[in-house]
1. I want the antiparallel fraction of DSSP beta bridges within the chain, as a percent rounded to 5.
2. Would you grab the residues whose amide H sits under 5 Å from the one on residue 230? Only those 5+ places off in sequence or on another chain, please, with H modelled 1.01 Å from N.
3. In whole Hz, what ³J(HN,Hα) sequence does the stretch 177-182 give by Karplus (6.51, -1.76, 1.60; θ = phi - 60°), x for Gly and Pro?
4. Over all alpha-carbon pairs of the stretch 269-389, lay out the pair-distance distribution in 10 Å bins, whole %, shortest bin first.
5. May I ask you to list the GluC sites (Glu not before Pro) in the stretch 206-268 that are in a DSSP loop and have at most 10 other Cβ atoms within 10 Å of their Cβ?
6. Mind listing which trypsin sites (Lys or Arg not before Pro) in the stretch 170-238 are in a DSSP loop and have 14 or fewer other Cβ atoms within 10 Å?
7. Mind listing the long-range amide H neighbours of residue 218? Cut-off is under 5 Å, sequence gap 5 or more, other chains count too, H placed in the peptide plane at 1.01 Å from N.
8. Could you give the dipole magnitude of the stretch 509-551 about its Cα centre, charging the beta-carbon of Lys and Arg +1 and that of Asp and Glu -1, in debye to the nearest 20?
Amino acid sequence: MYRQFSPNPRSLLIGSFALWLLANGQILLAHEGHQAATYEVTPAAAQIEQGKYLRLKVVDAESSRPTAARFTLTVNGKEYIPPNVARHGLRFISIHQRREQQFIATYARGSGDVLVPLPNDARSATVTVAKGFEFVPVTASFDINGPSATVEVQMERWINLQAEGWHAADEHLHYERTDPKHDGDWLTMLDADGLSHAHFLVLRGGNLPGIWAQQFAYGKAGEANDGKRSIRPGEEYRDSSQGHVNLLGVEKVISPISTGGIGEPRVPFNYPPLLDVFRRMHELGGIGGPAHGASLARSSTAALDTVLGQVDFFEIANTHLYKTDAWYQLLNCGFIIPPVAGTDLPNFGFRDPWQPLLGEVRTYVRSGARSGFDAWKQAVRRGEVFVTSGPVIHVDVDGVGPGGVVRLPPQGGDLTITAELASPRPLKTLEVVSMGQPISVEVKRTHTGGVHRLHVKQQMAITKSCWLAARGTGGPKTAVEHGLGIQQDVMAHTGVVQVLVGNQPIRSEVEVERLRKQLALQQEHYRTQANYEEPEHRLRFVDLFEQAIKRLD
Ligand SMILES: [Zn+2]
């Protein structure tokens with residue numbers, strides 16, 4: 001399933017040829033394929049019944065209706081990727097050219113039986129069907145005795161988070177959407193991977209030399225929305241020194257998208273400051289924050305931009321990465337911002353059969369009955385979020401959840417902390433974190449009705465203002481490890497609950513002192529190491545760091 005490939009112009013030509021034939025009506029297909037540099041959707045097969053095939057029925061257990069889901073196959077004990085699927089299926093190829101990563105995902109569209117061609121020597125097979133994180137993944141084994149086999153898979157929910165007002169989003173995708181007529185396929189994939197929202201971010205350089213992952217329009221005009229799911233275009237803006245930032249939902253692309261030598265045409269300078277980019281993003285209706293846990297930067301300005309008030313969230317996880325130190329440091333200094341997570345596809349498109357392709361790591365926000373970008377944005381702003389690559393996580397402090405504030409009298413008081421991590425898949429740890437450190441708690445482990453649960457309910461005496469959150473882990477992502485050599489356990493982390501004692505702010509003086517020193521070192525870096533076109537640009541950075549250091553007093 002996980003193949004390295006060499007970018008081959010011929011394969012793109014063959015794709016174009018198939019489309020050309022389609023356009024001329026010489027092949028009768030129910031669904032055209034489509035493709036761009038970052039993906040291909042294989043044209044639907046017309047006459048699968050001529051050879052051996054599988055008739056796959058994927059049904060929602062509650063409604064008995066067909067439902068969209070991802071499926072994977074083994075045939076005669078080996079992984080099998082069909083060359084195509086018929087019209088009720090969707091075969092998607094995720095392509096990262098520079099890293100030479102390619103991953104093929106097959107989906108049931110939820111519109112009827114999916115016909116899947118099987119090899120002529122197929123005798124026995126398995127199919128695994130998964131639909132995001134709220135349905136139990138199902139594996140069914142079957143024999144192929146005649147020309148075809150029929151398998152029905154019932155998809156059963158073990159939890160319904162949407163009924164509790166939680167909506168899932170992948171806030172970090174980089175695929176082209178150059179023609180709105182293909183949005184139906186994207187929305188089907190969101191449905192099949194259990195997502196309500198996706199943010200498709202344009203980029204410049206890296207995977208491809210110029211501007212890529214372009215969208216047919218930006219802001220509201222570039223949205224896809226079927227009433228249940230939505231896609232909103234945005235931008236990942238990058239500077240080699242300052243780092244990468246996700247600008248979600250902006251009405252326009254903020255140029256030059258990349259600075260500091262990333263991409264072509266090359267902008268060698270580390271200017272403008274990302275602070276200015278964030279300000280412009282806010283003018284353009286967007287919401288943003290540092291990507292990749294503030295890594296992938298020579299001297300990340302995530303702290304600077306947060307202290308100066310322009311950061312709305314902190315991305316702490318991608319498929320290949322889970323990094324909380326920079327975020328915790330800012331929280332400990334009193335800058336209370338929510339976490340988000342997203343895949344960074346087509347980077348690291350390696351998946352186990354139970355995992356979704358889109359939203360392998362995702363952000364749940366509590367926006368109640370409301371959906372769409374504005375509701376999503378407001379819920380992130382309130383901090384009503386958790387992130388996960390599998391387990392569902394919950395925390396409350398005296399009944400107050402992430403984004404909320406618990407107030408205690410000046411002498412402090414006792415609080416009850418409840419936390420839970422749950423999944424149909426095995427779990428490792430559940431921790432309650434206070435000011436970045438796990439506190440000592442008793443964790444109860446249960447496994448009933450096919451669901452693993454780790455549970456904490458504990459009284460805690462609090463005398464100092466602090467933030468509290470829950471975090472947990474489960475089993476390893478084996479495909480990511482085999483494909484990339486990167487070890488990642490599935491993870492979940494809640495947003496934070498603030499506990500305010502009297503009028504004390506949430507603030508660790510030790511951490512503030514450490515941040516002050518870090519900002520002073522960074523000020524020196526930007527005075528002596530960064531690349532500027534004009535002397536005043538250097539002075540601007542020096543001044544911004546000066547302002548941030550003062551802001552810590
Ligand atoms: Zn990035």
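1. Roughly 80 percent of the DSSP beta bridges within the chain come out antiparallel.
2. Hits under the 5 Å cutoff: 197, 198.
3. 10, 9, 9, x, 5, 8
4. For the stretch 269-389, the binned pair fractions read 13, 41, 36, 10, 1 percent.
5. Passing both the DSSP loop test and the Cβ count: no residue.
6. 228
7. Those qualifying (amide H under 5 Å, at least 5 residues apart or on another chain) number zero.
8. Working: 8 positive and 9 negative charges, 25 e Å.
Taking the Cα centre of the stretch 509-551 as origin, the dipole is about 120 debye.
Read-outs: derived from the displayed coordinates by stated rules, not from any lab. The shown structure was predicted, so the numbers you read here are calculated from the model rather than taken from an experiment. No Cβ is skipped: glycine too gets one built from the backbone with ideal geometry, and neighbour counts run over all protein chains shown.
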